[in-house]
Amino acid sequence: MSEAEKIKNQIEQKFVFLKDALRIQREKRLWLEVAKDKFFEVFDFIVTQLDFSILNTITGTDEGADLGLIYHLSLKNQMVLSLKTRVPKEKPAIKSITSYFPAAAAYEREIVDLLGAEVEGIPGGPRYPLPDDWPQQQYPLRKDWKPEMLEQAGKVGMIGENVQYPIGPTHIISQPSSFTLVHQTKGEMVIPVGPQHPALKEPESFSVALRGEKITGVQVRIGYNHRGIEKGCEQRSYIQDVYLVERICGICSHSHSTCFVQAVEEIAGLQVPKRALYIRTLIAELERIHSHLLWLGVAGHEIGFDTLLMYTWRDRESLMDVLAMITGNRVNYGINMIGGVRRDIDSAQIPEILKVIDKLEEQTKYYIQVAQEETTLIQRLSGVGVLSKANVLHLGAVGPTARASGVDRDVRRDDPYAAYGELSFKVVTDDHCDVYGRTVVRLGELMESYSLARQILNHLPEGPLSVRAPRRIPAGEALSRYEAPRGEDVHYVRSNGTENPERVKVRAPTLANVQAVSKMLEDRYLADLPIVVAAIDPCFSCTDRSIQVIDLEQGKSNLMTWEKLRNYSIEWYRKRGVDFRGKRTV
Amino acid sequence: MASALFNLLVFPGLIFLGVISLWAEYFDRKLYARLQNRVGPPWFQPLADFIKLLGKENVVPEEADIRIFNLSPVFALAATITAFFYIPLWGARALFSFNGDLIVVLYLLTMPTLTFFLGGWYSRSLFSTIGAVRSITQFFAYEVPLFISILAPALLASTWSLSEMAVFYSAHPWYWMLNLIGFGVALIALLGKLERVPFDIPEAETEIVAGSFTEYSGRLLAYFRMAIDIEMVVGASLLAAVFIPFGLNLNPFLGFVLYLIKIFFIIGVLSVLRTVFARLRIDQMIVFCWQYVAPIAFLQVLINLILKGFLLR
């Protein structure tokens, strides 16, 4: 009996009413729907008795009269059980699961903000992901929501202007100023690191309370980067979505597109040719290399070691050229399509790629030596941002952040996708539990990635590049996972038999990791803040993805020429009493 | 009167010092860039930056104390230039000297740090305030080793005048080699004084934006940057005069070239040091200065006292 069936039996023995309710989609994907009144009983059993102790994410869906909630839980061996329930839209109340999983707070806030669920018992904190002045009763991921409804809901001000804090069930999630007030009354200084700050590469905000140089509290506010990609995916076809999800992130673009494409392929039942899988894996590993080299440089910069930044980014450049050579692009590779890949690697390219990899490997060995010997570097990194193994498991950190605390977990090995099942590599872990450990893990992963890339290039199977995918994907759902450079990336896709997906949900690794940052900063110094934040390799454009697409032309053509866009902006301002053209002539 | 004005404004005052220090900044930046495998700036970049800043708008924060905010950069500039007059450059005699000018020079060189503190503190911005406090904290850590290490050669020469020290070391040409430990200590302390990596804690960009200088812009920022450049040249000149005082009796041209080689050697060492280190934390910096640097400086004093007792009798 397979392990999935064992779990099925255990659940059926405990709950008679769940006979044949559990669906085994494949060995590591289980689906179970439970009515709301029995939900927490089942949930508790699955989490505490069956040891599904990892929360991947929570997906909210619109089911017509109900809201659907899917809790994606996984075992240590990475078998994912997606536990579904429904709450009626008139009274969409559900209990928070933050007592089991503190990291669930962010996922629950998403459901509250985007779908209007009333989650009871989320701990206080700043609003996420919508801006503070978002009008009430506007839930953008509900199917009946249209961007025009924002205009009807009254004035939508600029952020900061005319801020209406939501009252009612959502008010618990928005306490923007209490943090500052509480700490100032204690005679502490609260400094704003962000949304704009030289330490940060993207807008996010850390309010840091200081007593002298010591940090006494941190409040993280994210969500400045929302572009409405989840909603946008629902309004576009699968083919367009591949390119849209690729633009979630500028570093791990391939991670998101692969993750999405895998989910769609699973629903459509497509058998992707081997050569395509190998090419996907190759791009994935090259992406990991360039991402880790980029991280190493950023980490150096954050601790004032600019020489390391200059060196690693110089080396990274040669890899970017390789990526451009293979795919035609430095960042948004556009190599994935549903059913395979778009471009082949010809045999003349292989020696060139191998040459670059050899050079990078040599350089990486040098960086490993630097990390082992350079005193100021070690002093700045060790003992900083400590996150014990227990804390990683409790707070749900993923990727190199988790592996640096001795948590041996890697989707590539545990839930193999693409070509990873046929390649040999070891999962790098470390027991330092601090920023130094995270550096060691990333450097080790670089070495593994070189070896993986070599294996792929030397044993690239022959065959076609893609299979034909239907335009309409049959109804179904799938959860796809991918080990991005920053950690586990999760995509949930549901199709309804049309050309457009019903729901696309993205959980980027940073959202899982950023919630551990406050823990890492406990009792540290202000000087440690930049490197601790950088050490999770945050990518906030990944994390903040979904909300409003204000459809500028009210649902007509989405293509705007430069001239049209310009005229639109002039019109927009004139309606509000500002006329740039008028001012210029007067 | 005319000659005093000439001294003050042209040589070796503002203009001469300005040219040398812009040159020194170029040298530092170019060397730093080449060590990092970058191209680096063209030779006129520091001057272009200076002129550009002079032309920029000068923004003063509403809550800042306007008088101190405006005066701080000027004081920094004035103090460093004044200190320069008492340092023997390529002759054994400085422009001005009296017994005790060593102490005056050291005190004048503490002025810029004080103005960083005052300017930052009275900017009233959060980042400036933290930067200001860090400046002054760091100040207490590196200043003591610097003073002690510079007093050691003075002890050997039995004088508090820089010019007389130069005369002494010219008379005993190889004695400067006895002070090499002190030289190392002074170099480290000078890194702290100039707030450069690994001691750029008060202006750590990724933590507190630009520290004390966060609110400064335009003309005032240009003055501050100029003051730091000049401080670098004056600091290097002081170290050259105290620790490597050889070849002071050459003809003026050769002497000038030798002087330039000496200060650019010192500035080069500082550049290399800032290439190879990461920034320390303020607590680590203070521990480092008090536990290691200060005792080594005392060791130099001890050595010189013993030498003085035995050798120079």
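Quick note: the coordinates plus some simple rules give every number you see, no bench work behind them. This structure is a prediction, so every number in the text was calculated from the model and none was measured. Cβ atoms come from the backbone with ideal geometry, glycine included; neighbour counts cover every protein chain shown.
Taking the Cα centre of chain A as the origin and placing charges on Cβ (Lys, Arg +1; Asp, Glu -1), which of A:Leu526, A:Pro102, A:Val87 is farthest toward the positive end of the dipole?
Farthest along the dipole direction, towards plus: A:Val87.
So if a site counts as exposed when it's one of the GluC sites (Glu not before Pro), its DSSP state isn't H, G, I, E or B, and it has at most 11 other Cβ atoms within 10 Å, what's the longest stretch of chain B without one?
B:64-313
Bin width 10 Å, alpha-carbon pairs only: give the P(r) of region A:15-126 as whole percents, running from 0 to the bin holding the largest distance.
Answer for region A:15-126: a P(r) of 14, 48, 32, 5, 0 percent.
Applying a 10 Å radius around every beta-carbon, put A:391-404, A:260-273, A:206-219 in order of their mean neighbour count, most first.
Top of the packing list down: A:391-404, A:260-273, A:206-219.
Would you please give the residues with an amide H less than 5 Å from that of B:Phe85, counting only those at least 5 places away or on a separate chain, with H modeled from the backbone geometry?
Answer set, sorted by chain and number: none.
Per 5 Å bin, what percent of the C-alpha pairs of region B:1-145 does each bin hold, from zero upward?
2, 8, 12, 15, 17, 19, 16, 8, 3, 0
For every helix of n ≥ 4 consecutive DSSP H residues, a contribution of -39,500 (n - 2.57) applies; sum these over chain B, divide by its total residues, and give [θ] at 222 nm rounded to the nearest 500 deg cm²/dmol.
-23000 deg cm²/dmol
In straight Cα distance, which lysines are under 23 Å from B:Lys30, not counting same-chain residues fewer than 8 positions off?
Within reach: B:Lys52, B:Lys193, B:Lys262.
Starting from the alpha-carbon convex hull of region A:294-404, give the projected area averaged over all orientations, in nm².
Projected over every direction and averaged, the Cα hull of region A:294-404 covers 9.6 nm².
Report, as a whole number in µm² per second, the diffusion coefficient that Stokes-Einstein gives for region B:2-310 at 4 °C and 1.567 mPa s using the Kirkwood radius over alpha carbon pairs.
Reported coefficient: 65 µm²/s.
Rounded to the nearest 20 Debye, what is the dipole magnitude of region A:229-543 about its Cα centre when Lys and Arg each give +1 and Asp and Glu each give -1 at the C-beta?
740
Rounded to the nearest 5, what is the percent of antiparallel bridges among the DSSP beta bridges in the protein assembly as shown?
Once the DSSP bridges in the protein assembly as shown are tallied, antiparallel ones form about 85 percent.
Pick from B:Leu151, B:Leu17, B:Leu302 the residue whose mean-square fluctuation is largest in a GNM of chain B, springs joining Cα atoms under 10 Å.
Highest fluctuation of the listed residues: B:Leu302.
Run a plain Debye calculation on chain A (Cα atoms as equal point scatterers, no solvent) and give log10 I(q)/I(0) at q = 0.10 Å⁻¹, rounded to two decimals, same order as the q list.
Once normalised to I(0) and log-transformed, intensities are -0.91.
With runs of 4+ DSSP H residues as the only contributors, calculate the mean residue ellipticity of chain A at 222 nm using -39,500 (n - 2.57) per run, divided by the residue total and rounded to the nearest 500.
That comes out to -12500 deg cm²/dmol.
Work out the length of the dipole vector of region B:2-310 about its Cα centre, built from +1 on the beta-carbon of each Lys and Arg and -1 on the beta-carbon of each Asp and Glu, and round it to the nearest 20 debye.
Here region B:2-310 has a charge dipole of around 600 debye.
Provide the per-residue ³J(HN,Hα) series for region B:196-210, in order, calculated from phi with Karplus coefficients 6.51, -1.76, 1.60 and θ = phi - 60°, each as a whole number of Hz, with x at glycine and proline positions.
Calculated HN-Hα couplings, in order: 10, 3, x, 10, 8, 4, x, 10, 3, 4, 6, 9, 10, 6, 9 Hz.
Quick one: compute the contact order of chain B, relative version, from alpha carbon pairs under 8 angstrom and 6+ residues apart, as a percent.
27
Which of the trypsin sites (Lys or Arg not before Pro) found in region A:1-77 are loop residues per DSSP with 14 or fewer other Cβ atoms within 10 Å of their Cβ?
A:Lys19, A:Lys76
Just want the ordering: A:Tyr71, A:Tyr243, from fewest to most Cβ atoms lying within 10 Å of their own Cβ.
A:Tyr243, A:Tyr71
Count the net charge of all other residues whose Cβ sits under 9 Å from the Cβ of A:Val87, scoring Lys and Arg as +1 and Asp and Glu as -1.
+2
With θ set to phi - 60° and the Karplus curve 6.51 cos²θ - 1.76 cosθ + 1.60, what are the ³J(HN,Hα) couplings of region A:314-331 in order, to the nearest whole Hz, using x for Gly and Pro?
5, 5, 4, 4, 5, 6, 4, 5, 4, 4, 5, 5, 6, 9, x, 9, 7, 10
Once Lys and Arg get +1 and Asp and Glu get -1 on their Cβ, which of A:Ile215, A:Thr59, B:Val74 lies farthest toward the positive end of the dipole of the protein assembly as shown?
Checking the options against the dipole of the protein assembly as shown, the answer is B:Val74.
Run down the lysines and flag those whose C-alpha is under 22 Å from the C-alpha of A:Lys28, throwing out any fewer than 8 positions away in its chain.
Partners within reach: A:Lys6, A:Lys8, A:Lys14, A:Lys19, A:Lys76, A:Lys84, A:Lys274, A:Lys426, A:Lys505.
Got the relative contact order for chain A handy, in percent, Cα pairs under 8 Å and 6 or more residues apart?
Rounded, it is 16 percent for chain A.
Name the most mobile residue of B:Ala186, B:Ala227, B:Ala210, meaning the one with the largest mean-square fluctuation, in a Gaussian network model of chain B with Cα contacts below 10 Å.
B:Ala210
Mind checking Rg over Rh on region A:229-543, alpha carbons, Kirkwood formula for Rh?
Over the Cα atoms of region A:229-543, Rg/Rh equals 0.97.
Around A:Gln262, what is the net charge, scoring Lys/Arg as +1 and Asp/Glu as -1 over all other residues with Cβ under 10 Å from its Cβ?
0
Quote the charge dipole size of region A:1-123 about the Cα centre in Debye, to the nearest 20; the model charges only the Cβ of Lys and Arg (+1) and of Asp and Glu (-1).
340
Under 10 Å, Cα contacts only: if you run a Gaussian network model on chain B, which one of B:Gly100, B:Gly182, B:Gly247 comes out with the highest mean-square fluctuation?
Between B:Gly100, B:Gly182, B:Gly247, it is B:Gly100 that shows the largest mean-square fluctuation.
Residues of A:376-382, mean number of Cβ from any other protein chain within 10 Å of their own Cβ, rounded to a whole number?
That works out to 4 on average.
Quick one: which residues, 5+ away or cross-chain, put their amide H under 5 Å from the amide H of B:Ala94? H built at 1.01 Å from N.
It is B:Ser163, by chain and number.
With θ set to phi - 60°, apply the Karplus curve 6.51 cos²θ - 1.76 cosθ + 1.60 along region A:88-98 and write out the HN-Hα couplings as whole Hz, x wherever there is a Gly or Pro.
x, 5, 5, 9, x, 8, 8, 7, 6, 9, 5
Using Cα pairs under 8 angstrom and six or more residues apart, how large is the relative contact order of region A:178-258, in percent?
Contact order relative to length: 17 percent.
Which ordering of A:Tyr139, A:Tyr107 is given by a fewest-first count of other beta-carbon atoms within 10 Å?
Result, fewest neighbours first: A:Tyr139, A:Tyr107.
Put +1 on the Cβ of every Lys and Arg and -1 on every Asp and Glu Cβ in the protein assembly as shown; which of A:Ile70, B:Val234, A:Ala117 then has its Cα farthest towards the positive end of the dipole?
Of the options given, the answer is B:Val234.
Hey, how many Å between the Cα centroid of region A:1-38 and the Cα centroid of region B:269-293?
60
What does the net charge come to around A:Thr498 if you take all other residues with beta carbon closer than 11 Å to its beta carbon, with K and R at +1 and D and E at -1?
-1
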